[in-house]
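Take a look at the structure below.
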Amino acid sequence: VLASSWATVRTITVRGNAYLSLGEVDALVSGLRDQKIFDVDLGEYRRRLMDSPWVADVIVRRVLPSTIDLRIVERVPLAIARLGQQLYLVDRTGVIIDEFSPQYRTFDLPIVDGLVTPPSNGTPLVDAARVALLVSCLSALDARPDLRERLSQIDVRATHDLVVMFDEDTAWLHLGDARFVERLVAYLELAPTLRERFTAIDYVDLRFGDRVFVRSKG
């Protein structure tokens, strides 16, 4: 039975992939077809698949008589990190998935400054504390998708002061490291009054309770 063609890998089924193409999967498991199914080193092919930055986890299993089944869990992009002129897709664990390119234009994600730092050996670095601050903010905004969808830019260069900008608004909003939804709602309530008093706003600092500090441009 072990030596017969009945036990040879003829089919590879792939599930769970949305961004990783079948061609990319085939390249990662090159050489798998036509092996004797009981001779396949499942751990080796799992390691190959995990080398893809899109793959967060994968289960590789035999389905007799001649199929290898791949169940892929892909990473979910959280934001577009900016470093100079370069943009990167980053997930909630701080893994750089890929360079941002036109093929990912369907992602409606905020652009984040300060998340990625210049590389020391050719590989950009992601700061864990800044990732945690970003995840804290965006998780809080899950309860208010209307606010989250309006976020255009985020700055996490100061690890205890997340700063954001809304679409069609030129004011930077200093939110600190907590109470993100409350502070954004407070700004939206104040915005009409602020626009009456200031012709152009540089930033609004919302970190100090009932006190709101505004810096105008010029």
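Which of these values of Cα extents along the principal axes in Å was calculated from the structure shown: (1) 84, 37, 28; (2) 47, 44, 42; (3) 52, 51, 39?
(1)
Counting only residues 5 or more places away or on other chains, whose amide H sits under 5 Å from the amide H of N17 once H atoms are built in the peptide plane?
Answer set, sorted by chain and number: I72.
Give me D for region 99-207 in µm² s⁻¹, whole number, from Stokes-Einstein with Rh from the Kirkwood sum over alpha-carbon pairs, 4 °C and 1.567 mPa s.
Estimated diffusion coefficient is 86 µm²/s.
Can you give the longest stretch of the chain with no exposed loop site, where a site means trypsin sites (Lys or Arg not before Pro) in a DSSP loop (not H, G, I, E or B) with at most 15 other C-beta atoms within 10 Å?
106-178
Any chance you could check the Cα centroid distance between region 40-59 and region 77-101 for me, in angstrom?
Value for the Cα centre distance between the two parts: 22 Å.
When the chain is fully extended, how far beyond the present Cα-Cα distance does T199 get from T67, taking 0.36 nm per residue of separation?
Value of the extension gain: 40.8 nm.
Run through the DSSP bridge list for region 44-159 and note the antiparallel percent, rounded to the nearest 5.
75
How large is the accessible surface per residue of region 6-123, computed with a 1.4 Å probe and reported in Å² as a whole number?
On a per-residue basis, region 6-123 sits at 54 Å².
Given region 1-126 reduced to its alpha-carbon atoms as identical point scatterers, what log10 I(q)/I(0) does the Debye formula return at q = 0.12 Å⁻¹?
The Debye formula, applied to the Cα set alone, gives -0.55.
Quantify how much of the Cα-Cα distance distribution of region 55-119 extends past 19 Å, in percent.
That fraction is 44 percent.
Can you give the % of DSSP beta bridges in the chain that are antiparallel, to the nearest 5?
Antiparallel bridges: around 70 percent, rounded to the nearest 5.
Hey, any idea what % of the chain's accessible area is carbon plus sulfur with a 1.4 Å probe?
51
The values are calculated or read from the model by the stated rules, or taken from the named source; none is laboratory data. What you are looking at is a predicted structure, and each value in this text was computed from that prediction instead of being measured. Heads up, the Cβs are rebuilt from the backbone with ideal geometry, glycines too, and the neighbour counts pull from every protein chain shown. Surface accessibility is based on the protein's heavy atoms, side chains included, excluding ligands, DNA and RNA. Shrake-Rupley method; radii C 1.70, N 1.55, O 1.52, S 1.80 Å.
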